[in-house]
Amino acid sequence: MTSTDLTANLAQQKNGLTLAEMGSLLEHMLNGVAYCRMLFVDGKADDFEYIYTNPAFHTQTGLGKVQGKLVSEVIPGLRESDASLFEIYGRVAKGGTPESFVLFIEGLQQWFSVSVYCPQIGYFVALFDVVTDRKNAERELEDRATQLRFVLEGSDLGFWDWNIAANTVIRNERWATMLGYTHLEIQQTTQQWSDFVHPEDRERAWQSIFDVVDGRAESHKAEYRMLHKNGSHRWILDQARVMQRDSKGKALRMCGTHTDITERKIMEEELRRQAHFDYLTGVFNRRHFMEQAEKELHRAIRYGNALSFLMLDIDHFKQINDRFGHKVGDQVLKGLASLCSTTLRDIDLFGRLGGEEFAVLLPQTDQDTAVEVAERLRQVIGNANVSLEGNLNVQFQVSIGVSSLRSKEDTIDALLNKADKALYEAKNTGRNRVCVFTSS
């Protein structure tokens, strides 16, 4: 079989796209595409032959000409090093349902996000992206993120084909179902697409498209929100190229794909949240607190405003852990965070610096007012209870140190250090009290 046979098969499956259009789309896709014939021995996938590969296949894998060759020739040892890949391809090539997966392929030393399906028995089409950089980023975030999966061509990629001269658009069924509609419910006009795009993203999306149409960019690649039928918004990755221009270079036709990346966007937002907030208490973590505190300090110095710091430490926290266990200790930490968050102002910064130690930055607050705030916090915390199982309660107290901005030369580290010294004075003089840093 040839690439023409492949595009014929695909064109038959994708109503609305002609053979020529489908072939052109394959050649210009940003995803790698491989059309292969699977070879079985005793019913088990043993090898496969490359029938067709698109340019992106070679760009992403680094492989040269492979058409007509067996994978065992192109990547020796792949069958032994990547048995699971053969199992999946073999299962699908026998007429199994399409499958999507993320896999590290030893033979290429790269992570791939792959979708594979069977155009006819004995053959399979694999569509993929190299996602090694993404996997490395996940490891750098200490595996906090789960796998980010791109849904590729086959069952989850929406196609669109824009005849610019006639201003008509042909879309496939998946383009519509991503937004909760049937194919018949979607009118075939570019204005219809524009209406679906979130108003805040619309101008940027159009600009990216016209940059390609007008020849200022080679390809269109934009992420934006689109309105779903149920009233929610879905994040869409839109990728496209101009497929046809006239003799003067004027764009005549543009083709592209839509991928639903909502899950990825949710994960990215969660990663951003984890980068800024303490995992247990939900307040700012040390790094983000320090970053925001630096901004507030610069603002206070610039405009001559007052600014104060509080350092809080739970008294005898080790005894709480030893007596009731770390689970109760965690409840105490969360209880403290909740009490402080509801007592402090919206403009105040509150963060966990580590263990049972917390810090508060009070913008536009002089020392006397900071002491009042600290005393109020101490009393609120001292009067609160943490409820346990069995109708038991735990009470706890805090010691608080206070420091205030005195000079334009003060730094965040210096102010925190002063508040920390005042905190230890409070602990050394009886605990459950507020102390203010003084130069003496």
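Every condition in (1) open to solvent by 40 Å² or more (accessible area, probe 1.4 Å); (2) farther than 30 Å from residue 361 by Cα holds for residue 261 except the one numbered (1).
Out of 376, 352, I need the residue that is within 21 Å of residue 320 (Cβ to Cβ) and either outside any strand (DSSP E or B) or open to solvent by 20 Å² or more (accessible area, probe 1.4 Å) (or both). Which one?
Working: 376 fails: within 21 Å of residue 320 (Cβ to Cβ).
Just a single option satisfies the conditions, and that option is 352.
What tally of residues in the range 259-281 results from selecting those that are of a type outside the set (Lys, Arg) and in a helix (DSSP H, G or I)? If you could, list the steps in order and put the result at the bottom.
Pass one, the range 259-281, residues of a type outside the set (Lys, Arg): 259-263, 266-271, 274-281.
Pick out the ones that are also in a helix (DSSP H, G or I) and you get 262-263, 266-271, 274-276.
Of the residues in that region, 11 qualify.
If only one of 245, 286, 216 is open to solvent by 50 Å² or more (accessible area, probe 1.4 Å), touching a strand residue (DSSP E or B) at 6+ places or on another chain (Cβ under 8 Å) and more than 30 Å from residue 411 (Cα to Cα), which one is it? Explain how you work it out, then say what you get.
On the way: 286 fails: more than 30 Å from residue 411 (Cα to Cα); 216 fails: touching a strand residue (DSSP E or B) at 6+ places or on another chain (Cβ under 8 Å).
One residue alone meets the criteria, 245.
Scan the range 61-68 and give yes if some residue there is over 25 Å from residue 241 (Cα atoms) and surrounded by 15 or more Cβ atoms within 10 Å (Cβ to Cβ), otherwise no. Yes, because at least one residue in the range 61-68 is over 25 Å from residue 241 (Cα atoms) and surrounded by 15 or more Cβ atoms within 10 Å (Cβ to Cβ). State yes or no: is residue 306 open to solvent by 30 Å² or more (accessible area, probe 1.4 Å), small (Gly, Ala, Ser), touching a helix residue (DSSP H, G or I) at 6+ places or on another chain (Cβ under 8 Å) and closer than 27 Å to residue 421 by Cα? So residue 306 passes the test.
Inspect all residues belonging to the range 324-342 and state whether any of them is under 21 Å from residue 283 (Cβ atoms), β-branched (Val, Ile, Thr), open to solvent by 60 Å² or more (accessible area, probe 1.4 Å) and assigned to a loop (DSSP other than H, G, I, E, B). No, the range 324-342 contains no residue that is under 21 Å from residue 283 (Cβ atoms), β-branched (Val, Ile, Thr), open to solvent by 60 Å² or more (accessible area, probe 1.4 Å) and assigned to a loop (DSSP other than H, G, I, E, B).
Within the range 355-372, can you find the residues that are part of a helix (DSSP H, G or I) and open to solvent by less than 20 Å² (accessible area, probe 1.4 Å)? Before you say what the answer is, go through the steps one by one.
Narrowing the range 355-372 to residues part of a helix (DSSP H, G or I): 367-372.
Passing the criteria: only 370.
Tally time: how many residues in the range 159-170 are of a type outside the set (Phe, Trp, Tyr) and buried (at least 21 other Cβ atoms within 10 Å of the Cβ)? Result for the range 159-170: 1.
Looking at 35, 89, 52, just one residue is closer than 30 Å to residue 239 by Cβ and touching a residue at least 60 places away in the same chain (Cβ under 8 Å), and that residue is 35.
Among the listed residues 382, 329, 335, which satisfies the condition of being farther than 26 Å from residue 405 by Cα, touching a helix residue (DSSP H, G or I) at 6+ places or on another chain (Cβ under 7 Å) and not β-branched (Val, Ile, Thr)? Explain how you work it out, then say what you get.
Numbers: 382 fails: touching a helix residue (DSSP H, G or I) at 6+ places or on another chain (Cβ under 7 Å); 335 fails: touching a helix residue (DSSP H, G or I) at 6+ places or on another chain (Cβ under 7 Å).
None of the others qualify; the one that does is 329.
The values are calculated or read from the model by the stated rules, or taken from the named source; none is laboratory data. Given the structure is predicted, the values throughout are model-derived calculations rather than measurements. Note that each Cβ is placed from the backbone with ideal geometry, even for glycine, and that neighbours are counted across all protein chains shown. Ligands, DNA and RNA are stripped out before the accessible areas are found, and what is left, the full protein with its side chains, is counted by its heavy atoms. Shrake-Rupley method; radii C 1.70, N 1.55, O 1.52, S 1.80 Å.
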